[in-house]
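Please treat every number below as a calculation from the coordinates, not as lab data. Being a predicted model, the structure only gives us computed values, none of them experimental. No Cβ is skipped: glycine too gets one built from the backbone with ideal geometry, and neighbour counts run over all protein chains shown.
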Amino acid sequence: MYARAGTALALSRGMLSFILAAVLSSTVSVDVNRASLEQLTDLPGVGPVIAARIVERRKKRPFRRAEELLQVRGIGAKTLARFKPRVVLAPIP
């Protein structure tokens with residue numbers, strides 16, 4: 001995984017990619033009114049099935065508040081609390 005080179009810590013390219021992906025996936029905001037299925041699954045607790053439900057719901061009516069995601073089957077208060085800080089709701093014309 002890693003090797004010490006003198007006093008510096010050397011990480012493999014694969015390990016650096018893994019760390020970078022982990023950091024970005026935990027900090028990048030997601031606009032639930034425009035995000036792709038793949039982008040929605042980056043939200044904690046949202047898999048492909050729930051992502052598809054979000055897309056179906058927003059086709060009927062765009063989300064105006066994050067709390068409206070509670071109307072999507074499979075999203076409860078705890079799940080919403082996990083990803084709500086990353087949710088962006090850009091205005092839909």
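Remark: the range 50-56, residue by residue, has Karplus-estimated 3J(HN,Hα) of 5, 4, 5, 5, 4, 4, 4 Hz, where x stands for each Gly or Pro and the curve is 6.51 cos²θ - 1.76 cosθ + 1.60 at θ = phi - 60°.
For Val30, the residues 5 or more places off, or on other chains, whose built amide H falls under 5 Å of its own are Val87, Val88. The 3J(HN,Hα) values that the Karplus relation (6.51, -1.76, 1.60; θ = phi - 60°) gives for the range 78-84 are, in residue order, 5, 5, 4, 4, 5, 10, 4 Hz. Gly and Pro appear as x. Does anything in the range 66-93 have its amide N under 13 Å from the 7 Å Cα→Cβ label point of Val49, and if so which residues? Answer for this model: 73-75. The calculated FRET efficiency for the pair Arg64 and Ser29, based on their C-beta separation and a Förster distance of 25 Å, comes to about 0.90.
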